[in-house]
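See below for the structure under consideration.
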Amino acid sequence: MSQTTRLTDGRKSFEVKKYTFATEVIPRLSCHDPECEERIANGLPVVIPDVNLVASARHWNIDYLHDNIGDGKFMTYFSSSKKFKYYDDKKCPNVKSFKKPMEQEELTFDDFVQKINKGKSKGQRCYLQQTLNETVGKNIVSDFLGFNWNWVTAQQKKNSFGPLTNNMLLIGQEGNITPVHYDEQENFFAQVYGYKRFILFPPEEFPNLYPHPTYHPCDRQSQVDFDNADFEKFPKFRNATGFETIVGPGDVLYIPIYWWHQVESIPIEGHTISVTFWYKGRPTPEKVTYPLNAHQKVAMMRNIEKMIAQALNNPDEVPEFMQNMVLGRYT
Ligand SMILES: CCC[C@@H](CC(=O)O)C(=O)C(=O)O
Ligand SMILES: [Zn+2]
């Protein structure tokens with residue numbers, strides 16, 4: 001039986017699965033606290049409970065969204081397990097043996113609601129993950145316009161983030177898990193309904209988390225299954241140490257670019273609703289300062305892998321090429 005541990009969102013406490021790695025709690029700071037500003041400026045995660053980023057969506061629930069979201073299509077993922085491990089369809093041809101970890105389908109919101117209800121009986125889980133776009137109804141537009149754009153745009157400017165790329169609506173069933181991965185964007189993650197556990201690791205943990213190669217469909221995703229870690233294949237995973245928190249309605253979590261995160265919908269309210277605010281990263285500084293920081297090194301490793309895969313013009317040749325270059329020479 002797996003052990004559990006208790007975690008709080010500052011108001012309630014939750015029994016959550018205990019993994020093999022140690023974690024520290026992510027600080028929870030008021031948006032008026034200078035230390036909160038400092039953490040964002042320094043690319044460190046922070047939970048912000050009082051910024052009211054999506055307070056205008058506090059009344060969002062499945063029924064309200066069903067009645068107001070409009071007749072657009074919503075990308076929905078289906079998984080026979082709790083895990084929703086993202087993959088890039090366009091990279092599937094690069095790995096012939098790749099088995100898709102989940103299915104995807106574009107549904108109307110009405111179909112999605114039916115799937116959620118039917119899925120429960122058929123043991124299939126679903127996760128709606130769709131960029132909010134112009135197809136939404138006028139009430140959702142008004143809620144969207146009511147987001148605290150002053151605060152988040154001020155953060156974008158003072159931290160020299162790039163442009164806002166999208167706001168993604170996430171509706172997951174309780175118990176759904178997005179396995180550990182990193183994104184190449186800054187993210188203010190706003191929790192609207194229900195509770196989510198976030199486990200984060202800094203970019204320095206790259207060696208301990210063994211991401212798939214960049215040409216692999218699961219680029220940016222760790223190969224390590226937290227529930228059943230293969231310590232033979234991934235020995236450095238023993239050294240992983242992370243940070244974690246629980247976010248509840250109204251909380252915003254700043255997830256810095258290149259920080260790894262695993263996200264678990266806490267089995268308490270039936271489902272969870274979240275909205276992401278993704279921004280392109282800071283522009284490359286004119287004058288590079290040394291030593292390079294961890295996320296610059298991750299960006300470098302990504303570029304080198306992409307260049308080698310492109311130059312060989314055959315992804316199947318990359319593993320041997322990389323091993324010939326490193327094993328016995330840099331080990
Ligand atoms: C598609 C985005 C999913 C989200 C995790 C989650 O809420 O399950 C995440 O990984 C992020 O916001 O970066
Ligand atoms: Zn992510």
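The values are calculated or read from the model by the stated rules, or taken from the named source; none is laboratory data. Predicted, not measured: the structure shown is a model, and the values here were computed from it. Neighbour counts are summed over all protein chains in view; Cβ atoms, including those assigned to glycine, are modelled from backbone coordinates with ideal geometry.
Conditions tested, residue by residue: (1) within 19 Å of the chain's Cα centre (by Cα); (2) assigned to a loop (DSSP other than H, G, I, E, B); (3) modelled with pLDDT of 95 or more; (4) farther than 21 Å from GLN173 by Cα.
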| site | (1), (2), (3), (4) |
| --- | --- |
| SER2 | no, yes, no, yes |
| ILE40 | yes, no, yes, yes |
| HIS59 | no, yes, yes, no |
| LEU65 | no, no, yes, no |
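Apart from one condition, GLY43 fits all of (1) within 16 Å of ligand 2 (Cβ to nearest atom); (2) in contact with a helix residue (DSSP H, G or I) (Cβ under 8 Å, 6 or more places away or on another chain); (3) under 22 Å from GLY270 (Cα atoms); the exception is (3). Just to be sure, is LEU132 under 16 Å from the mean Cα position of the chain (by Cα) and within 16 Å of ligand 1 (Cβ to nearest atom)? Criteria not met by LEU132. Checked against (1) surrounded by fewer than 14 Cβ atoms within 10 Å (Cβ to Cβ); (2) part of a loop (DSSP other than H, G, I, E, B); (3) touching a residue at least 24 places away in the same chain (Cβ under 8 Å), MET301 meets all criteria but (2). A Cβ distance below 6 Å, combined with a sequence gap of six or more or placement on separate chains, defines the contacts here; from segment 23-37, residues that are over 16 Å from PRO256 (Cβ atoms) and assigned to a helix (DSSP H, G or I) reach no residue that is modelled with pLDDT of 95 or more and of a type in the set (A, V, I, L, M).
A single member of VAL54, VAL47 is within 18 Å of the chain's Cα centre (by Cα) and surrounded by 19 or more Cβ atoms within 10 Å (Cβ to Cβ), and it is VAL47. Got at least one residue in segment 242-258 being in contact with a Pro (Cβ under 6 Å, 6 or more places away or on another chain), more than 30 Å from CYS36 (Cα to Cα) and at pLDDT 95 or above? There is no residue in segment 242-258 that is in contact with a Pro (Cβ under 6 Å, 6 or more places away or on another chain), more than 30 Å from CYS36 (Cα to Cα) and at pLDDT 95 or above.
Inside segment 160-210, residues that are aromatic (Phe, Trp, Tyr), farther than 17 Å from TRP260 by Cα and either within 14 Å of ligand 2 (Cβ to nearest atom) or assigned to a loop (DSSP other than H, G, I, E, B) (or both) make up a count of 2.
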